[in-house]
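Read the structure below first, then the notes.
What follows is calculated from the coordinates using simple rules that are stated; it is not laboratory data. Model, not experiment: these values are computed from the prediction. Methodologically, a virtual Cβ is constructed for each residue, glycine included, from the backbone with ideal geometry; neighbour enumeration extends over all protein chains shown.
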């Protein structure tokens with residue numbers, strides 16, 4: 001099962017890294033209150049992606065369910081990040097989109 005999910009696992013890990021970087025960069029900017037939703041969604045997305053990796057790697061029977069929920073969180077985070085100009089937000093938006101696309105393919109198999 002894990003081989004079928006390997007692209008999804010890699011996309012989840014890339015999303016974790018991008019979201020953690022974005023949240024940290026947003027916190028360090030001059031107006032963190034303006035970026036509060038972006039920060040929170042990036043943290044949520046990174047944490048849920050981490051959870052999804054664990055489910056998939058251990059071959060849980062609930063992997064598809066967790067991935068489907070993860071896709072929704074990636075979608076919300078990606079949309080929020082896409083609305084901000086900083087490069088780290090745009091990178092997070094791209095990673096979220098790639099993650100949701102790749103994970104949707106994995107659960108459709």
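Round to the nearest 10 and give me the degree value, 0 to 90, for the angle of helix 36-57's Cα axis relative to the longest principal axis of the chain.
With rounding to tens, the tilt is 20 degrees.
For region 2-108, what is the per residue volume of the convex hull drawn over the alpha-carbon atoms, in cubic angstrom? All intermediate terms of the calculation are to be shown ahead of the outcome.
Working: hull volume 7.6 nm³, N = 107.
Output value, Cα hull per residue: 71 Å³.
Of the candidates 98, 36, 90, which one comes out as most mobile in a Gaussian network treatment of the chain with C-alpha springs shorter than 10 Å?
36
Using a 7 Å offset from the Cα along the Cα-to-Cβ direction at both residue 50 and residue 36, what is the distance between the two label points in nm, to one decimal?
Output for this residue pair reads 2.3 nm.
Can you tell me the 0 to 90 degree angle between the C-alpha axis of helix 63-82 and the longest principal axis of the chain, rounded to 10?
Relative to the chain, helix 63-82 is tipped by roughly 20 degrees.
Please tell me the relative contact order of region 1-91 in percent, rounded to the nearest whole number, where contacts are Cα pairs under 8 Å and at least six residues apart.
On the way: 80 pairs, mean separation 29.7, N = 91.
Averaging sequence separation for qualifying contacts and normalising by length gives 33 percent for region 1-91.
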